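S.K.: First the structure, which I've put down as structure tokens, then a few questions once you've had a look.
Please treat every number below as a calculation from the coordinates, not as lab data. Just so you know, these numbers come straight off a predicted model, no measurement behind them. Positions of Cβ are generated from backbone atoms using ideal geometry, with glycine treated the same way; all protein chains shown enter the neighbour counts.
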Amino acid sequence: MTLLAAFRTALRALTRNLLRSFLAILGIIIAVAAVVATVSIGQGAQAKVAQQMASLGSNLLIVLPGSMNQHGTASGTGAAQSLTREDARAIERELTGSVAAVAPVNRTSAQVVYGDQNWFTQVQGTTSAYLEIRSWPVIAGEAFGPEDDGAATKVCLLGKTVADKLFAPGAPVVGEQIRVKHVPCKVKGVLSPKGQSSFGQDQDDLIVMPWSTLVRRIVGSQADSVGQLMVSARTAESVPRAEREVSALLRQRHHRPDSDVQDFQVRNLADMQEAARENAHTIAVLLGSVALISLLVGAIGIANVMLVSVTERTREIGIRLSVGARARDVLLQFLTEAVALATVGGLFGLLLGVGVSTWMALRSQWPTLLSVPAAAGALGLAALAGVLAGFYPALRASRLDPIEALRFE
């Protein structure tokens with residue numbers, strides 16, 4: 001018997017009882033769909049994490065003030081107010097080999113008003129290097145410069161969310177004047193939208209203005225303390241070097257060169273990115289493992305159906321063997337039936353998996369990346385499951401004694 005003839009015979013046998021054949025391949029359909037969907041969602045999760053981390057900035061180090069300990073009582077991070085504008089200038093001036101840019105950042109919350117519209121948002125004071133570090137272009141107007149920071153000019157940049165809340169669609173934004181805590185401020189530009197961060201925070205719900213404008217005019221402080229420093233290394237490879245050099249310079253400036261307890265913390269965003277990618281990869285592997293278990297369950301279902309089929313068709317097998325069919329012909333026929341079941345189930349599962357992943361991407365606006373190797377691998381595993389599940393029933397059918405088979409009732 002040729003392979004083509006065995007395939008035709010297998011299709012005829014399977015179409016005799018469509019409901020049983022469908023129930024047999026249902027496990028394979030679910031398993032393959034689960035493999036395709038989970039791999040696509042897992043890769044989409046990694047892409048989402050990479051996108052969100054990239055929106056925070058490239059080659060980024062964040063320097064935060066340390067905790068304060070007085071009379072045996074320790075406060076939290078940021079209570080010491082140990083970082084200053086001069087620290088930022090020193091890093092920018094002395095670490096040119098590893099550091100590309102430094103931006104001091106102070107934050108406050110404020111009610112902003114334009115005409116009869118108002119919105120409560122976060123206001124950040126920083127320098128022009130902040131936009132470079134965070135790779136945050138201005139889509140309308142222009143960014144403020146060092147001269148604005150030096151003169152504490154009352155100008156600001158609006159995030160897309162704030163611009164949408166204060167101004168009507170299509171209305172002019174650049175050049176208009178808003179009030180931030182009763183301080184008039186001219187809108188110099190609108191920032192490009194960044195969307196949500198990895199923590200679910202709307203990154204576009206903010207106002208950015210010169211550091212001195214925020215501290216001197218909005219907050220009303222004459223201190224030079226800084227809430228945090230954002231440091232961009234020149235390359236990804238130089239991030240560890242920049243981290244070491246920034247730490248060493250700040251220890252020296254704060255007169256703690258040999259102390260184990262520092263009044264600042266340096267956080268490496270690259271480490272955070274790697275940890276997030278590893279978490280997403282772990283979740284994808286766990287989901288894939290569950291899907292492979294489903295594939296095993298589907299193979300068991302095919303094996304059960306094939307064993308029942310052998311029992312039901314014992315007389316047919318006896319007739320075939322008695323008229324000259326060889327044992328290997330019977331083996332090939334039943335093995336082809338099992339592979340055909342698994343392959344058809346795999347194709348339906350592939351379509352279902354693509355549909356589910358696409359639906360989830362549209363519903364949750366989550367990037368879903370269809371993996372061609374994963375789809376091909378799932379189909380291959382489905383066919384292999386058919387071979388493994390159908391081998392024993394096919395072997396059992398090929399070893400039947402023709403006389404005993406013809407007597408079977």
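S.K.: From a point 7 Å beyond the Cα of T108 in the direction of its Cβ, which residues of the range 162-183 have a backbone N at a distance under 19 Å?
M.R.: Within reach of a label on T108, which here means backbone N under 19 Å from a point 7 Å along Cα→Cβ, the range 162-183 contributes 178-183.
S.K.: Right, next: Mind listing the long-range amide H neighbours of L83? Cut-off is under 5 Å, sequence gap 5 or more, other chains count too, H placed in the peptide plane at 1.01 Å from N.
M.R.: V226
S.K.: Continuing with this model, one more query. What is the spin-label model distance, in nm, from F391 to Q122 if the labels are put 7 Å beyond Cα along the C-beta direction?
M.R.: That separation, rounded to one decimal, is 5.8 nm.
S.K.: With labels modelled as points extended 7 Å from the Cα through the Cβ direction, what inter-label distance (nm, one decimal) is found for S225 paired with R241?
M.R.: Those two pseudo-labels are separated by 3.5 nm.
S.K.: Among the lysines, which have Cα under 17 Å from the Cα of K194 when same-chain residues fewer than 8 positions away are ignored?
M.R.: Reachable lysines: K48, K160, K165.
S.K.: For the charge dipole of the range 286-337, defined by +1 on Lys and Arg C-beta atoms and -1 on Asp and Glu C-beta atoms about the Cα centroid, which residue among L307, L295, L331 has the Cα displaced farthest towards the positive pole?
M.R.: Checking the options against the dipole of the range 286-337, the answer is L331.
S.K.: Multiply the residue gap between S192 and S135 by 0.36 nm, knock off their C-alpha separation, and tell me the result in nm, one decimal place.
M.R.: Here the answer is 19.5 nm.
S.K.: With each label point set 7 Å from Cα along the Cα-Cβ vector, what nm distance links A327 and R256?
M.R.: Placing both labels 7 Å beyond Cα along the Cβ direction yields 8.1 nm.
S.K.: Rank these for me by crowding, Y392, Y114, Y130, going from fewest to most other beta carbons within 10 Å.
M.R.: Placing the least packed residue first, the sequence is Y392, Y114, Y130.
S.K.: Between L26 and L286, take the C-beta separation as r, use R0 = 22 Å, and let me know the FRET efficiency to the nearest 0.05.
M.R.: Efficiency, from the Cβ-Cβ distance: 0.40.
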